[in-house]
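All remarks here apply to the structure that follows.
Rule-based calculations on the coordinates, nothing more; no lab input. Just so we're clear, the structure is a prediction, and the values are computed from it rather than from any experiment. Positions of Cβ are generated from backbone atoms using ideal geometry, with glycine treated the same way; all protein chains shown enter the neighbour counts.
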Amino acid sequence: MRGSIRERRSLVVLASMLLSQAAYCFNIREIATFAKGFLKNPSDVGSPFPCSSSVGYELMNYIVRSMNQNPSKPLRILEVGAGTGSVTQVLARVLRPIDHLDCIELSPDYCATLQNKFGAFPTISIHCVDLNEFRHEVSYDFIISTLPLNSFDLELLNNTLAQFKNLIKPGGIVSYVAIAGMAQAKQYFSWGNAKKKNADTINVLKQFRKQYQIDSATVLTTCPPIRVYHLQL
């Protein structure tokens with residue numbers, strides 16, 4: 001009987017989590033824009049669904065800690081691969097007047113959505129540009145990335161990680177996402193040259209994390225589940 005009650009309670013909790021995610025995912029206009037971008041460039045986008053607010057809150061974990069520890073210190077934050085702004089929306093809720101967020105997004109369609117949503121925010125700037133062509137005059141305390149790094153070829157991945165190092169302040173934190181289990185699944189179902197390329201990408205990211213990782217978490221309340229990595233460079 002007790003087991004049955006526990007099971008029912010677990011189902012209620014799971015149902016509420018799924019309903020919460022569904023309420024987010026079925027913002028029809030935004031999900032349609034994001035899905036359209038995924039269909040155009042699946043390897044560049046990585047997922048047919050934008051990240052949920054739960055992922056956004058995990059990505060900004062160390063940003064909030066810094067704000068609480070140093071209330072008067074202004075922060076410069078860079079969001080890479082902002083998409084249609086699901087994570088940007090979460091960041092916008094905590095940004096103080098002394099902080100500034102630069103959002104980089106390559107897709108013109110996604111950029112138009114970002115401009116409509118955040119163009120009037122004085123603490124947010126939208127840059128429709130490739131990360132490796134981004135010209136910056138400042139270094140960043142935090143970099144948040146939702147780029148599908150596990151899908152990048154080796155040259156693009158190395159260039160991206162090098163750009164992270166160029167853009168971050170010494171001791172700054174880079175937080176990025178990966179679909180939970182996706183790298184292993186791709187490796188299992190690939191063969192030949194594709195399998196080798198995938199293994200090379202996995203190994204580069206493993207070495208990057210081995211050198212810099214300070215924390216990680218799996219966010220289950222999103223579609224699909226997301227792994228978040230925090231690295232201090």
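Sparsely packed loop sites in segment 107-163 (the chymotrypsin sites (Phe, Trp or Tyr not before Pro) outside DSSP H, G, I, E and B with at most 11 other Cβ atoms within 10 Å) do not occur. Phi angles of segment 193-204 translate, via the Karplus equation with coefficients 6.51, -1.76, 1.60 and θ = phi - 60°, into HN-Hα couplings of 5, 5, 5, 5, 4, 5, 5, 4, 4, 4, 5, 5 Hz per residue; Gly and Pro are given as x. Using the Cβ-Cβ distance between ALA194 and SER216 with R0 set to 35 Å, the FRET efficiency from 1/(1 + (r/R0)^6) comes to roughly 0.85. Structure note, pairs LYS169/LYS195; LYS117/LYS197; LYS165/LYS196; LYS73/LYS206; LYS169/LYS196: Cα-Cα distances above 28 angstrom occur for LYS169/LYS195; LYS117/LYS197; LYS73/LYS206; LYS169/LYS196.
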